[in-house]
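Read through the structure below, which is laid out as structure tokens, and then see the notes.
The values are calculated or read from the model by the stated rules, or taken from the named source; none is laboratory data. None of the values given here were measured: they were computed from a predicted structure. FYI the Cβ positions are ideal-geometry reconstructions off the backbone, even for glycines, and counts take in every protein chain you see. Surface accessibility is based on the protein's heavy atoms, side chains included, excluding ligands, DNA and RNA. Shrake-Rupley method; radii C 1.70, N 1.55, O 1.52, S 1.80 Å.
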Amino acid sequence: MTVRITPSILNADFADMGREVGRIESADGVHIDVMDNHFVPNLTMGVPMVEALRKVTDLPFDAHLMIEDPDVWAPGYVDAGAQTVTFHLEAAKAPIRLAREIRSRGGRAAVALKPATPVEQIADFLDEFDQVLLMTVEPGFGGQKFIDSSLKKIAGARAILDRAGSSAHLQVDGGVTSANAAACVAAGADALVAALAVRLCHEAGIPADRLMPGTGLTALPDTVDLSAHATALGCAAVMVLPSFFYGAVGDAGQ
Ligand code: ZN
């Protein structure tokens, strides 16, 4: 089993984003957290950033839109160069129409659910999505503690996807560390957002592009093929995220 790991640039140096993304050239992709200060109480970046970064890297972009009115704005992210566009079910007025619009423009359509939104709400139209993102913290800020009850939700989502014969990826986003990554994968997740990389690199105390299975990865089960991600867990990913994030991981007591 291969688990995709996508570093987020949420906490990168916004004054030097091109160079920051250049540091993670070997990653599976770049997770771009878009926040509008309406759907979530924080403001980050938007289409202009995606367009600008598209010019400096060939990495696939995974735009996670934590915004109101995704029906209006999400298609523009495909046009700007994002391969995957994730919108929140809670914010979409017509999620199926929107997913089809994203696909019609050549993007992968993904739907995100906040922690309190039941997966069952999308069970009957999974064919419309290429990826399902489960938030394992309340969206809005990095460095939060993983909501443990999410594991049950991940397992439930995996069961629903399997029952439907869906090949959509099941992505987990929020508070993922080596202390819970194994459980996330065991519960059925096959895509993780980057906090894991930060944690692994930090624990190992070595540049992550030299990380190999068995070196600081003992919390992960054998079924996770991290060899493919040895370079994806680039020290670049560590550099991209600020030191305060390390503190947040430590504060979680993990
Ligand atoms: Zn995200």
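Please list, in chain and number order, the residues 5+ apart from residue 4 or on another chain whose amide H is under 5 Å from its amide H, with Hs placed from the backbone.
191, 192
Please give me the summed charge of the neighbours of residue 67: other residues whose Cβ is under 14 Å from its Cβ, Lys and Arg +1, Asp and Glu -1. If you can, show how the numbers build up before the last one.
Numbers: positive: 93, 114; negative: 33, 36, 68, 69, 71, 90.
Cβ neighbours under 14 Å give a net charge of -4.
Send over a whole-number figure in Å² for the accessible area per residue of the stretch 58-174, probe 1.4 Å.
41 Å²
What figure in square angstrom, to the nearest 10, would you give for the accessible area of residue 111 with a 1.4 Å probe?
Ignoring ligands and nucleic acids, residue 111 comes out at about 0 Å².
Calculate what fraction, in whole %, of the accessible area of the stretch 64-115 sits on carbon and sulfur atoms when a 1.4 Å probe is rolled over the protein chains.
The value for the stretch 64-115 is 49 percent carbon and sulfur by accessible area.
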